[in-house]
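Working notes, structure below.
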2 protein chains.
Amino acid sequence: MSVGSVRSNSGKRTEPKEKRRLQLIQATIRSIARHGLSDTTVSTVSTAAGLSQGIINLHFQSKEKLLLETLAYIVDEYKILWEKALKEAGDSSAERLAALLQVDFHPRVCDRNKLSVWFAFWAESKSRPTYRKLCAGRDKEYDAVIFELCKNIISEGKYSGIDAELAARGLSALTEGLWLDMLVNPRNMSRDYARKVSMAYLFHLFPRHYPELNKE
Amino acid sequence: MSVGSVRSNSGKRTEPKEKRRLQLIQATIRSIARHGLSDTTVSTVSTAAGLSQGIINLHFQSKEKLLLETLAYIVDEYKILWEKALKEAGDSSAERLAALLQVDFHPRVCDRNKLSVWFAFWAESKSRPTYRKLCAGRDKEYDAVIFELCKNIISEGKYSGIDAELAARGLSALTEGLWLDMLVNPRNMSRDYARKVSMAYLFHLFPRHYPELNKE
DNA sequence: ATAATGAATGAACAATCATTCATTTACTAT
DNA sequence: ATAGTAAATGAATGATTGTTCATTCATTAT
């Protein structure tokens, strides 16, 4: 993924390899969003990129590999974003958990084109183990972090009657469900409202840790 | 959908029209679950049904119409299930809301093959208005009912600091997210556990209405 | 039994798809 | 400038797809 010492020569007919690959991946995202995965063909992608038919087999060996790298690109971007958020967040578990949710509703993550890609691959993950494995990496780490944070908050706040795992699983499922609503029915679910729904859940779980949420 | 006065002649080579159509719809569900929507062809469906190639264009005019009717079938089944649950439920809003969640995690709804179909069409709904419209009907009614129930429970229980719409949207998003987890990672999310996550959410929202949930 | 009906078949067809590769084009080094 | 290298093209290819339809077959009515 390193761009390295690539000279800036945008618009030229021949671009450096990594730049073309990225361009094609982004064109793939747009094509999946516009036509759906079923109707995404080599032709729709290369047209979206403004390039020729053969370009895909030149830079990726096959259409299937392009699709896999497109999924990997989105998974990677998401992971980088929330790892960065964790680094920059404060020390308290409550802050760190809130920071994670900020990422989940960040414009770069909630972009409707990218959501199309997430759900396109999730939908086919049952029949394609390769897709599932790529996504499973994300889930495992992410869920573990959220679980730890919930556990800390519960013991810090001496909350009784809250199971950390139930709360954590609920939180991550809630996020996924809100993503789906934003994808399918964007008029009824904006990014900002989704964030509010998610924060309301946090407030009801841990009222003493998120008192300010009650006033929004 | 009325089977009417159809004589039972299972196994015969020529079945009544409605029976064949249902058989093909169920084969389509299995095919989408097994191969994904992208790789579901007329051939995979007819093979899954144990019938010949031409059968699909005979009973449905095209593959596209078969897919639409398959989605409509699942949407319909779900609607019938939760309308029936509402009729049979008690009068209190708390009971009625719990009854709805029971349906959401009913084996007939959470069947992994059917979840594959839901998500396959949701994933493509952005590019196919026809799919979105079919699903939108479900969402609108369902969300309205959940919202009303939440509103009633809030006023009954004099809960302060809970916005009914935030709670309702959260509840329906949570369900969808749990469905996704059951589809993508069934080992980590069973039907029973999903139900528990969802009930825990209810308990934290309305603790005085669902005291028993805290002991499970 | 026989004829009539229509459901089911599957080979054939046209369209669409991913992939290949000989050719063209652009950039770099000398 | 020129040769050499790499990138990009797009027509051609073979495989796959949805659809059609003449034929076969099972059931029903006479």
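The values are calculated or read from the model by the stated rules, or taken from the named source; none is laboratory data. Note that the structure is predicted; figures quoted are calculated from it, not measured. All Cβ positions, glycine included, derive from the backbone under ideal geometry; neighbour counts span all protein chains shown.
Determine whether residue B:45 is in the same structural domain as residue B:117 (by TED's automatic domain parsing) and either assigned to a helix (DSSP H, G or I) or of a type in the set (S, T, N, Q) (or both). Answer is no for this residue.
Condition (residue is polar (S, T, N, Q), within 7 Å of chain A (Cβ to nearest Cβ), more than 20 Å from residue B:72 (Cβ to Cβ) and surrounded by fewer than 23 Cβ atoms within 10 Å (Cβ to Cβ)) applied to region B:120-130: is it met by at least one residue?
no
Per-residue answers, yes or no, for (1) assigned to a loop (DSSP other than H, G, I, E, B); (2) within 16 Å of DNA strand D (Cβ to nearest atom); (3) loosely packed, with under 14 Cβ neighbours inside 10 Å:
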{"site": "A:34", "(1), (2), (3)": "no, no, no"}
{"site": "A:37", "(1), (2), (3)": "yes, yes, no"}
{"site": "A:40", "(1), (2), (3)": "yes, yes, no"}
{"site": "A:51", "(1), (2), (3)": "yes, yes, no"}
{"site": "A:56", "(1), (2), (3)": "no, yes, no"}
{"site": "A:64", "(1), (2), (3)": "no, yes, yes"}
{"site": "A:70", "(1), (2), (3)": "no, no, no"}
{"site": "A:74", "(1), (2), (3)": "no, no, no"}
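Can you find a residue in region A:104-113 that is surrounded by 20 or more Cβ atoms within 10 Å (Cβ to Cβ), modelled with pLDDT of 95 or more and within 13 Å of chain B (Cβ to nearest Cβ)? The answer is yes, given that some residue of region A:104-113 is surrounded by 20 or more Cβ atoms within 10 Å (Cβ to Cβ), modelled with pLDDT of 95 or more and within 13 Å of chain B (Cβ to nearest Cβ).
Here's a check for you: in region A:23-76, which residue that is basic (Lys, Arg) and within 12 Å of DNA strand C (Cβ to nearest atom) is farthest from the other protein chains (Cβ to nearest Cβ)? That would be A:65.
Number of residues in region A:160-180 that are modelled with pLDDT under 95 and more than 10 Å from chain B (Cβ to nearest Cβ) equals 0. The residues on offer are B:135, B:150, and the sole one that is at pLDDT below 95 and within 21 Å of residue B:198 (Cβ to Cβ) is B:135. Of all the numbered requirements in (1) buried (at least 18 other Cβ atoms within 10 Å of the Cβ); (2) more than 7 Å from chain B (Cβ to nearest Cβ), residue A:183 misses one, and that requirement is (2). So residue B:141 ticks every box in (1) farther than 24 Å from residue A:195 by Cα; (2) out of contact with any Ser or Thr (no Cβ under 6 Å at 6 or more places or on another chain) but one. Which box is left unticked? In the conditions (1) farther than 24 Å from residue A:195 by Cα; (2) out of contact with any Ser or Thr (no Cβ under 6 Å at 6 or more places or on another chain), residue B:141 misses (1) alone. Can we say residue A:198 is in contact with a Lys or Arg (Cβ under 7 Å, 6 or more places away or on another chain) and either buried (at least 18 other Cβ atoms within 10 Å of the Cβ) or facing chain B (nearest Cβ under 8 Å) (or both)? In short, no. If the condition is being within 9 Å of DNA strand C (Cβ to nearest atom) and at pLDDT 70 or above, then region B:8-20 contributes B:15, B:16, B:17, B:19, B:20.
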